[in-house]
Amino acid sequence: MSTRNSQPTALHKILQPHATTRLLAVLTMNAVDGSSHVPQDKFASELEEELPSLLVLILDTSPLGWGAQSPPISLRDAVASLLIFINSHLALSHSNEVAVIAAHTDCVRYLYPVPGEDYKKLAPKSTATSGTESSDDVVANGQTNGHNGALTDSSMYRQFRVVDESVLKQLEMLLLATSASDIEHNGKISDATLISGALSTSLAYINRLIGGVNDDGPKMRARILVVSVCSDLASQYVPIMNCIFAAQKMKVPIDICKIGNETVFLQQAADTTGGVYLHLEHPAGMIQYLMTAFLPDRVLRKHLVLPTLSSIDFRAACFCHKRIVDIGYVCNICLSIFCQPPADGSCAICDTIFDPKELANLLKKPIVVATGTPKAKAKKKKKKDTDSTPTLTPGP
């Protein structure tokens, strides 16, 4: 029978005092700096903080939407503020990455990175300030807020310049290719853009870059920032809700920077995914809102007091007329929402035939019940007998 583990060897006798001394030193330091009270989850959060951050910026490029907001802010002013915000995000860490997607009236386009473009082979000198552009209506004309200063120059940090030049060039091409027919929907001029398509594109880009939800561990922290100026999104209710649930499963927060009228579904997107919804009361100071509310990522936000919504509108849009409803009818098979019972007796989404008796009950008008207090019954007055002769009392 072996007794190797029962009797300490000479090497064990030598190492044991040193190990005991080192353990006592670690315990003493933990007691001094308070590390013994720190939960083990903190070490996992520290590892998460060291991961690079991916920012996917969705820019609403509706011509009518930005035209209605100018003044106090134009698309050129907003792009200048967004470029400063993007450069600040890249400056936080050398491994941080960014993607910019334009949600236009009839298409979704990458502004950066452009598919098929090799940014490593770009010329070191800038070409955005060649001096050949003279139109003030084009965003990439190198002017910001009325000043004759270029958005990019040759002395700019190379990574900043590559991103800025790509965004300006692709945005200029997109706006110049827009015609009057592109902003018409069903014969009517609308400011609606493909926000749902941009959200699905950004989620696909994030999934391709950092991996799916079933991978071993996260490779990068990702978040989405939507800069929106359009007001009508009821026609995109279903795809937007699908993107919201997908982002929630992927643990990707969706931040909303809203300019103009409020949007119900974007409020729900920020609330469901744990993002920040901020309606700009003073759009001229857009850069201040971006740097204070949207620059910190989800790891740093737990240490900050960020703006929150006091009330959120959770109303849905009907599938038949694309209108936001307070009270509607829901199909028990596909959960489609309708503002009124279908006239043909079947669901327009899944073709389920409803019970005619149930539809008849739904079409009945509600019975109105008076809720006021009942009137008090009038007391009947006693009739005086006028025909009877008075009784005379004999005197003394």
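The values are calculated or read from the model by the stated rules, or taken from the named source; none is laboratory data. Keep in mind that this is a model prediction, so the values were computed, not measured. Cβ atoms come from the backbone with ideal geometry, glycine included; neighbour counts cover every protein chain shown. Areas reflect the complete protein model, heavy atoms only, side chains present, ligands, DNA and RNA absent. Shrake-Rupley method; radii C 1.70, N 1.55, O 1.52, S 1.80 Å.
Residues whose amide H falls under 5 Å from that of Ala348, counting only those 5 or more places apart or on a different chain, are absent, with hydrogens built in the peptide plane.
Protection proxy ranking for 204-210, 329-335, 58-64, using the average of other Cβ atoms within 10 Å per residue and placing the highest first: 58-64, 204-210, 329-335. Using a cut-off of 31 Å between Cα atoms, the listed pairs Lys169/Lys322; Lys322/Lys364; Lys322/Lys365; Lys258/Lys302; Lys249/Lys322; Lys188/Lys258 include Lys169/Lys322 as exceeding that distance.
In this structure Phe314 has an accessible area near 130 Å², from a 1.4 Å probe over the protein heavy atoms. For Cys320, nonlocal amide neighbours, meaning residues 5 or more places apart or on other chains whose placed amide H falls under 5 Å from its own, are Cys339. Proximity of backbone amide H atoms, modeled 1.01 Å from N, is registered between Ser336 and Cys331 at under 5 Å, excluding neighbours fewer than 5 places apart on the same chain. Note on Met156: accessible area approximately 50 square angstrom, rounded to 10, probe 1.4 Å, nucleic acids and ligands left out.
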